[in-house]
Amino acid sequence: MSKKDVVKYICYATALCSLNVGVNFVSADEVNNVASTDNAALVTNAQTTNTEENVSEAGNQATAQVPNQTSESNAVSSAEAGDTNQIVLASNNQAQTNVQSTDNQEQTDSQLTATENTDSDSEDTTEAPEQVLHTGDYRVDFDNYDDTTMERSDWFNGDPFDCRWVPDNTVVKDGTLTLTIDRNNTRAYSYNAAEWRTREFFGYGMYSVRMQPISNLGVVSSFFTYTGPSDNNPWDEIDIEFLGKDTTKVQFNYYTNGVGGHEYLYDLGFDASQAYHVYGFDWQADHITWYVDGVAVYTATENLPVTPGKIMMNAWPGIGVDDWLAPYDGQTPLVAYYDWISYNGNKVEVENPAVEAYQKAKAAAADLAASTASATSTISSTQVTTNQAAVTQSVSTASLAKNSFLALPETGQRPSKLLTISGVLVAFLGFLALPFKKGKL
């Protein structure tokens, strides 16, 4: 073989090697790129797997709880099923017991009837009436008695009332209501007295009365709102009371859920028993203000009543409360006079420094609380916004990292193409060099 042939075959071999190397690099790059994409998918799947594992773990916990709850439900169901026979038996026994109780009840009712016939004055046997809340204004001028809207009490109230409420002592006539205290020696109590009330219930508003109370030791003439256990309600009450021992003063008081102790004695500057005057109170959610002849004289703002009550008036002698009323001297008859009563459901705006000061202080406190709440809300909103921004940034960063990871570059592509081109160029130069080598050989 000649040198020319050797050089020719060397050039051919060089060209083929260059081409082979280039092809191998290209194949390797494609494999690497595919492998990288697969790895990215694997990592993504791994993250998804972690999420699925968390969800699966939470699901396992929920599943663990569900069988327990199911077991408990089954246990309850089994217990209920097991108790069914007992319930049926208990129902049968209850039916027999009810039959026996009915017989016993009939005997008891007969005994109670006999007892009531013996002494029907021991307590109020009237059932709790249907509670109807009055809407709108209300006024009674006592031109006549309307049994559909008002009632006269007929029962014995017990201590400290040394009397029985007698309807005959509650008289509506010629535009005047009279409540009379007189003697009764035929029963377990010493005196008859009188009490008038509405059948409906009244809430917040202005209550007024034009009245002339009794002046006598040991007695009370009153105007008030009341509800309590007899109405299946808490004991809420607002009072205007004249103590007969000194009718130049009037006592204001109220009870909230049976809690009293709010007595306030106001000096009228005149004798209320000598002529008619107008007394009232404005009951609102944040205050009770009492009035004398249209002038606000006293305001209460703490622990106020909230339950609507009936409008009531009564006159009665006391027993066992001598420190409060002075001992009753037994004087009869004694009469309290009422010209009219009214209720205005709208809030009454009056010039009352105490109420105005209280309302201003309350408004200032409300403004301060609102400002504090607003500032707190602003701070909280800022914190939430910051936290949301941080979370969004974290999510965005994670998304970018994920996307950048999934879009991996084909790092071996450029070198492999360069090597392929280099191999072709070497082969081409080899062919070009053949004439020169041929001339020298």
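The values are calculated or read from the model by the stated rules, or taken from the named source; none is laboratory data. As the structure is a computational prediction, the values presented were derived from the model and not from experiment. Quick reminder, even Gly has a Cβ in these numbers, built from the backbone with ideal geometry, and neighbours come from all protein chains shown.
Some values worked out for this structure:
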| quantity | calculated |
| --- | --- |
| Condition broken by Thr198, with the remaining ones in (1) within 40 Å of the chain's Cα centre (by Cα); (2) without any contact (Cβ under 8 Å) to a residue 12 or more places away in the chain satisfied | (2) |
| Pair list, Cβ < 6 Å and 6+ apart or interchain, from region 296-314 residues that are over 24 Å from Pro229 (Cβ atoms) to residues that are at pLDDT 95 or above and assigned to a loop (DSSP other than H, G, I, E, B) | Thr299/His287; Thr301/His287 |
| Selected residue (only one of Tyr226, Tyr276, Tyr255 is among the aromatic types (Phe, Trp, Tyr) and either in contact with a helix residue (DSSP H, G or I) (Cβ under 7 Å, 6 or more places away or on another chain) or over 20 Å from Val306 (Cβ atoms) (or both)) | Tyr276 |
| Residue that is farthest from Tyr276 (Cα to Cα) [pool: residues in region 145-177 that are of a type in the set (S, T, N, Q) and surrounded by 20 or more Cβ atoms within 10 Å (Cβ to Cβ)] | Ser153 |
